[in-house]
Amino acid sequence: MPAVQRKEERLEARVTASQKRLIERAAALRGTSVTEFVVASAQEAATSTIKDSKVLHLGDQASRVFVDAILSPPAPNEAARAAAERYRKNVVGR
C-alpha cells in the first residue's frame, strides 16, 4: 500500500463570483469538494501542459522533410568530419 503523502503546501486564488459558482457546480457534478475538484483539475492541466511542451508537432510538409532527412541523411561535410575527429580524440580516446 503506498504511503499517504501529507498535504503541507497551500495554493490561493482569487476568482469572480461567476467563476466560483461554475467551479462549485462542476465539483458537485463530480461528487467532490471544491478543493478536490480544483486540485485535480489543476494537476490534469499541468500534466497535459508539460506533456504538450515535450511533443513536436509537424505539418505534412515538415513531416516529410524530417522523415526524408532521417532516412536519407546527407553525407557529412568537412565541419562534421572535423567535429567527429575532435570527439574521437577528446572523448573516446581517453
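We did not get these values from a lab; they are worked out from the coordinates using the rules stated. Since the structure is predicted, the reported quantities are computational estimates derived from the model, not experimental observations. Neighbour counts run over all protein chains shown; Cβ positions are idealised from the backbone, glycine included.
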key: Selection of GluC sites (Glu not before Pro), the chain, meeting DSSP coil and at most 14 other Cβ within 10 Å   = GLU8, GLU9, GLU12
ask   = lysines near LYS7 by alpha-carbon distance under 19 Å, same-chain residues fewer than 8 away left out - which ones?
value = none
ask   = Can you sort ASP68, ASP60 by how many other beta carbons sit within 10 Å, fewest first?
value = ASP60, ASP68
query = Pulled fully out, how much extra length does the chain show between SER48 and LEU71, if you take 0.36 nm times their separation in residues and subtract their Cα-Cα distance?
reply = 5.2 nm
request  = Evaluate Rg over Rh across the chain, taking Cα atoms for both radii and Kirkwood's formula for Rh.
outcome  = 1.32
query = So how many Å³ per residue does the convex hull of the Cα atoms of segment 40-94 work out to?
reply = 156 Å³
request  = For the chain, with a Gaussian network of springs between Cα atoms less than 10 Å apart, report the residue from ALA42, ALA69, ALA82 with the top mean-square fluctuation.
outcome  = ALA82
query = To the nearest 10 degrees, how steeply does helix 78-87 sit against the main Cα axis of the chain, on a 0 to 90 scale?
reply = 70 degrees
Label-point gap, in nm, between ALA40 and VAL55 - each point 7 angstrom along Cα→Cβ = 2.2 nm
message = I want to check the label-to-label distance for ARG21 and VAL4. Put each point 7 Å from Cα in the C-beta direction and report it in nm to one decimal.
response = 3.7 nm
ask   = What dipole magnitude, in Debye to the nearest 20, does the chain give about its Cα centre under +1 on Lys/Arg Cβ and -1 on Asp/Glu Cβ?
value = 280 debye
